[in-house]
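Below: the structure, in structure tokens.
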Amino acid sequence: MNTIRIQLILDEAAEGRRLSLDEARLLQQEASLHDLGHAAHRVRLRKHPDPVVTYVVDRNINYSNVCVCACRFCAYYRAPGHDECFVLTHAEIGRKIEETIALGGTQILMQGGHHPDLPLSWYEDMLAFIKANYPIHVHAFSPPEIAHFARLSGLTTKQVIQRLRAAGLDSIPGGGAEILVDRVRTAVSPNKCPAGQWLGIMEEAHGLGLRTTATMMFGHEETLEERLEHLFAVRASQDRSLRNVGDGYTAFIPWTFQPDNTNIEARPLTSVEYLRLLALSRLVLDNVDNVQVSWVTMGPKIAQLALYFGGNDFGSTMIEENVVRAAGVSFRLSRGDIDALVRTAGFEPRQRRMDYRLVPADKTGEQA
Ligand code: SF4
């Protein structure tokens with residue numbers, strides 16, 4: 001009985017009908033891997049009929065690892081006073097950007113810990129330095145960082161975004177979402193902003209003309225139901241932004257928790273669990289155009305397969321990546337590797353910008 005119902009739901013979702021929570025739960029629990037993937041791929045082809053898989057050439061620059069949050073899943077941060085604490089200088093940031101530009105990069109992704117002492121002006125100065133010297137798109141400061149800056153400065157989060165934007169911020173990455181359910185956040189990252197504030201900051205950013213992404217780190221202490229709650233929270237948030245502003249999240253980026261060197265004991269998720277969640281994301285998030293595959297955590301082969309489970313974007317070259325590496329996973333791919341993997345999987349690789357505009361094929365390396 002359920003088999004027929006599941007097939008009907010999958011067919012209708014593939015044609016564009018919105019899933020209810022009950023339907024998503026049924027698919028999550030009972031649909032076969034292949035049926036989920038097939039339906040997700042149909043949605044992907046409906047939204048992106050051309051056989052193109054995009055990626056951005058960028059570099060993650062972690063401006064500091066000093067953090068007072070102590071999230072249990074984080075292997076990257078160092079508490080204030082630790083020997084390995086650092087804060088990058090402008091000269092160091094400049095060198096990293098120059099290397100990025102030399103490799104055809106169009107953007108940098110900047111995130112850091114919740115430093116207890118740096119004032120908002122430090123971040124404004126950093127943005128002003130970058131914008132005065134380099135033609136590069138700055139994708140920076142996840143919502144928990146913005147909430148932290150607001151707490152330290154006594155400003156509202158909206159005022160903080162306005163100030164950062166005025167100093168040069170171009171868009172906001174969806175980091176720090178983990179699972180957007182407060183029970184889980186209290187358990188794994190009790191000092192980070194709650195789910196409602198994460199979503200509210202993103203919607204404020206959309207209202208101020210900044211595009212953002214949404215992420216999901218799963219496979220730690222959340223239940224299957226809480227993964228669904230996360231997907232539906234992002235969908236509702238995108239609905240509000242599209243209604244109020246006409247723009248919002250450019251992409252959804254689910255990735256699996258990596259347990260090494262963290263304070264959470266969890267078995268690493270299997271590739272099948274990852275692919276099921278990816279496909280379900282594509283089916284539930286009917287209002288988010290792009291779904292990124294995660295070669296950083298799943299490796300290149302599963303990332304290729306994920307292009308047939310709803311994914312249409314290979315993420316980024318991540319010329320430098322430190323956070324996942326600290327948790328024991330260190331896949332590295334050059335731009336040539338990504339091109340070859342995408343072609344072998346049956347698609348045409350294309351460099352894009354943060355907002356998914358394609359970089360003209362003869363101008364890869366042109367600046368944002
Ligand atoms: S995830 Fe971010 S906020 Fe949490 S401890 Fe690590 S650096 Fe700090």
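If you check 68, 52 for being more than 16 Å from the ligand (Cβ to nearest atom), farther than 20 Å from residue 137 by Cβ, among the aliphatic types (A, V, I, L, M) and open to solvent by 20 Å² or more (accessible area, probe 1.4 Å), only one passes: 52. Filtering 208, 224 for residues that are more than 17 Å from residue 274 (Cα to Cα) and either at pLDDT below 95 or open to solvent by 20 Å² or more (accessible area, probe 1.4 Å) (or both) leaves a single hit, 208.
Please go through segment 111-156 and give me each residue that is part of a helix (DSSP H, G or I) and within 16 Å of the ligand (Cβ to nearest atom), ordered by number. Spell out how you get there, then give the answer.
Applying the first criterion (part of a helix (DSSP H, G or I)) to segment 111-156 yields 120-133, 143-153.
The answer is 123, 143, 144, 145, 146, 147, 148, 149, 150, 151, 152.
State which residue is least open to solvent (accessible area, probe 1.4 Å) when the search covers only segment 161-181 and only residues that are in a helix (DSSP H, G or I) and either among the basic types (Lys, Arg) or within 16 Å of the ligand (Cβ to nearest atom) (or both). Before the answer, list the steps.
Residues of segment 161-181 in a helix (DSSP H, G or I): 161-167.
When the remaining residues are screened for being either among the basic types (Lys, Arg) or within 16 Å of the ligand (Cβ to nearest atom) (or both), the result is 163, 165.
Working: 163: 97, 165: 113 Å².
Only one residue fits best here, namely 163.
Can you name the residue in segment 123-133 that is open to solvent by 30 Å² or more (accessible area, probe 1.4 Å) and under 25 Å from the mean Cα position of the chain (by Cα) and is also nearest to residue 162 (Cα to Cα) among such residues? Walk me through it before giving the result.
Applying the first criterion (open to solvent by 30 Å² or more (accessible area, probe 1.4 Å)) to segment 123-133 yields 124-125, 128-129, 131-133.
This time we only want the ones that are under 25 Å from the mean Cα position of the chain (by Cα), so: 124, 128, 131.
Working: 124: 11, 128: 14, 131: 16 Å.
Ranking the candidates gives 124 first.
Consider residue 201 carefully, then state whether it is more than 14 Å from the ligand (Cβ to nearest atom), part of a helix (DSSP H, G or I), among the hydrophobic types (A, V, I, L, M, F, W, C) and crowded, with 17+ Cβ neighbours inside 10 Å.
On the way: more than 14 Å from the ligand (Cβ to nearest atom): yes; part of a helix (DSSP H, G or I): yes; among the hydrophobic types (A, V, I, L, M, F, W, C): yes; crowded, with 17+ Cβ neighbours inside 10 Å: yes.
Yes: the conditions hold for residue 201.
Contact map, segment 91-114: first residue on the phi > 0 side of the Ramachandran plot, second residue of a type in the set (D, E, K, R), Cβ cut-off under 9 Å, separation 6 or more or different chains; pairs are 104/335; 104/366. With the condition kept exactly as written, say whether any residue in segment 92-105 is out of contact with any Phe, Trp or Tyr (no Cβ under 7 Å at 6 or more places or on another chain) and within 16 Å of the ligand (Cβ to nearest atom). Among the residues of segment 92-105, not one is out of contact with any Phe, Trp or Tyr (no Cβ under 7 Å at 6 or more places or on another chain) and within 16 Å of the ligand (Cβ to nearest atom), which makes the answer no. Taking first residues from segment 142-153 that are over 14 Å from residue 215 (Cβ atoms) and partners that are within 13 Å of the ligand (Cβ to nearest atom), the Cβ contacts under 6 Å between residues at least 6 apart in sequence or on separate chains come to 147/193; 148/114.
What number of residues in segment 254-269 are open to solvent by 60 Å² or more (accessible area, probe 1.4 Å) and either within 15 Å of residue 187 (Cβ to Cβ) or over 20 Å from the mean Cα position of the chain (by Cα) (or both)?
Looking only at segment 254-269, we keep the residues that are open to solvent by 60 Å² or more (accessible area, probe 1.4 Å), and these are 255, 260-261, 263, 265, 267-268.
In the following step, the residues that additionally are either within 15 Å of residue 187 (Cβ to Cβ) or over 20 Å from the mean Cα position of the chain (by Cα) (or both) were identified as 260-261, 263, 265, 267.
Counting residues in segment 254-269 that are open to solvent by 60 Å² or more (accessible area, probe 1.4 Å) and either within 15 Å of residue 187 (Cβ to Cβ) or over 20 Å from the mean Cα position of the chain (by Cα) (or both) gives 5.
Considering only segment 221-242, I want to know if a residue exists there that is within 26 Å of residue 56 (Cβ to Cβ) and assigned to a loop (DSSP other than H, G, I, E, B). No; the residues of segment 221-242 include none that is within 26 Å of residue 56 (Cβ to Cβ) and assigned to a loop (DSSP other than H, G, I, E, B).
The values are calculated or read from the model by the stated rules, or taken from the named source; none is laboratory data. All values derive from a computational prediction rather than experimental measurement. Positions of Cβ are generated from backbone atoms using ideal geometry, with glycine treated the same way; all protein chains shown enter the neighbour counts. Areas reflect the complete protein model, heavy atoms only, side chains present, ligands, DNA and RNA absent. Shrake-Rupley method; radii C 1.70, N 1.55, O 1.52, S 1.80 Å.
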